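The numbers here are math on the coordinates, done by the rules we state, and not lab data. Note that this is a predicted model, so its numbers are computed, not measured. Methodologically, a virtual Cβ is constructed for each residue, glycine included, from the backbone with ideal geometry; neighbour enumeration extends over all protein chains shown.
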Amino acid sequence: MRTLSSRVTETLGVRSGYPASLLVGIAAAELLAWSMLGRKVEVLAILALAFIWGGFLSFVALVAGRRRVGSAALCIVLATALLPYAMHATGKLDLAERTNTIAAIGLAVLGSGTLLWLGRSAVVRVTAAIGCSIGLALVLGTHRSPSERPQRAAPGDHPDVILVVMDTTRRDHVSLYGYPRPTTPAIDRLASKARVFDDAWSSAPWTPPSHASLFTGLLPAEHGVRGHRIPPFPADLPSLPELLQRAGYHTAGLVANPNLHGRGWSRGFDLYEPPWFEGPHTLTSQLNQILMKGRPAWLDQATTDRILASAQRWWRSNADAPRFLFLNFIDPHDPYHPLEVDRLRFLPELSRQDALDIEQDPQRYAVDPGVPEDARHVIEALYDAEIAGLDRRLGTFFDWLEKRGELDRSLVILTSDHGERLGERGLLGHLLQMDQHLLRVPLLLRYPPAIAPERVPARVQLHGVAGEVLATVGIEGPLRMTERRLSRMVEGAGRAALSSAASNSENAENVAVAQHGSFVWYSAQLRGRLPTFDDTAYRGHWTLVADRDHALLWSPDRGDEPGQLVALAGDPSWESNLWDALPAKRARLLAIAQGLPRYDVAEPAANEVGGEDPLDEALLERLRALGYAD
């Protein structure tokens, strides 16, 4: 009488036991992931599913006859699964989109299926046929790229374009701008052949509206993006990725910030990837969510490594036409958990645990302002370490491009979407209100064939980047985008940064403007922590106008209520309101603010954080970790 083991193995067509069952498990998981993801194959899920499936079959087949051997086999299989998982999570292993791996598995399954076909059992032959089909599908599947798209006529001699956004990096903590700590040596080297803008301002104090301005050349109230997909990135506005794509560029966006994963952000990109653990609702992404529950903070560092690995793969495989590569890194965003090698450079006097025990939750200080000086010292050092760690990785990427002879042939734009408060005004983070610590950002353009190295003292803004890129690569763009490009801002010392109405004013010289929509959703979170929290001072849509010496903060939603007028130098915490003390300066800046476009959307309710698109659990968890959701 046949044993349970022989029945199981014959039914499964796995006469050789463990090796063949593992092979079938790998093939099944590979094919499933390939067909469901379509965009890329996540090797983590493939290996995890394959080993778990193969180990289960081996356990069933062996435990009936030899229990210890079967149990040992299962333990070995599961332990083996953890190794590639850990390597993949830390960015040291990345087999995604490696079609030769898929083809090898397919050929192995095809070969084993053919051998099994020689068996006499009908069950074995049926199983062999299934195995052959899986193997053939895998082999044929390698002939299409996950990011396959229709061929387009490529432009002639347009350069490659690389746009790097170091999320949440403030200008005065970048050593390129004289910061005493060596936070950015790699960027300093890059800047030796670049045009460096010494007075660049963001158009908004946080990620969604700032990136929308970066891509469209519009002020926040013109494109309407406020954040958390209210509303989503507009479909009717020309954007830099879309214009480059139409001109024949291959385009890819690899982004770490979850606020850029909503509807509309992928428009104009052939490939648009969020962090690997925040993919769409597929079987593999569900596995990722389960396995990543309670992940240590250092895994956020792996996101940067993974993005850069994906960038190199994509760069190599899309060399037949000009390439536009957009990279967004979130390392300097709170919470600050730098790698130990970077922390020790800036905070050697404390143990890692003592450093991480320091309260660095922006919401904590929002409801009770006041960052103790000792805590501020630690937080600032951790922030610097995060910047330094990102700089080190970027240096490796730029060195790789240089060794390929492609760095000097590429237009590189490096900037930040906004800055960060590090104790100023008793606050951390970058929500609730605007000031210069959130708006002044690093900005450089590097393209040796056409851009001479220089330091530019004139004030410019990030919504001038899109037009400057198009002008540099020789592609015609919308008139408004072209008129507001960086070089026009330099020539006009500020006029091109503003709307047409404000630009016509003689008062518009040498100013920067920024806008943000209501943060009512964030106020609701704060009231959840402290019911008595008063958000009256933060309600409404706000405009900031800054000249060389002063900044005016004003809301058109608050009627005749006074705003703020503060000195940029000597008052970093904005403690002295000069609204009544400097009537002439107030009138000048207020006239500019009143001439700017205004948001034409109503203030959202506190429960409309998700807008029209529901937030999946992985994205919601990531937003919570960054302080953007309850």
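Quick notes on this structure:
- Taken along the Cα-to-beta-carbon direction at a fixed 7 Å, the label points for R376 and A524 span 3.3 nm.
- Here the extension length gained between D534 and A587 equals 16.2 nm, from 0.36 nm per residue of separation less the Cα-Cα distance.
- Beta bridges assigned by DSSP with both partners in the range 160-504 are antiparallel in approximately 30 percent of cases.
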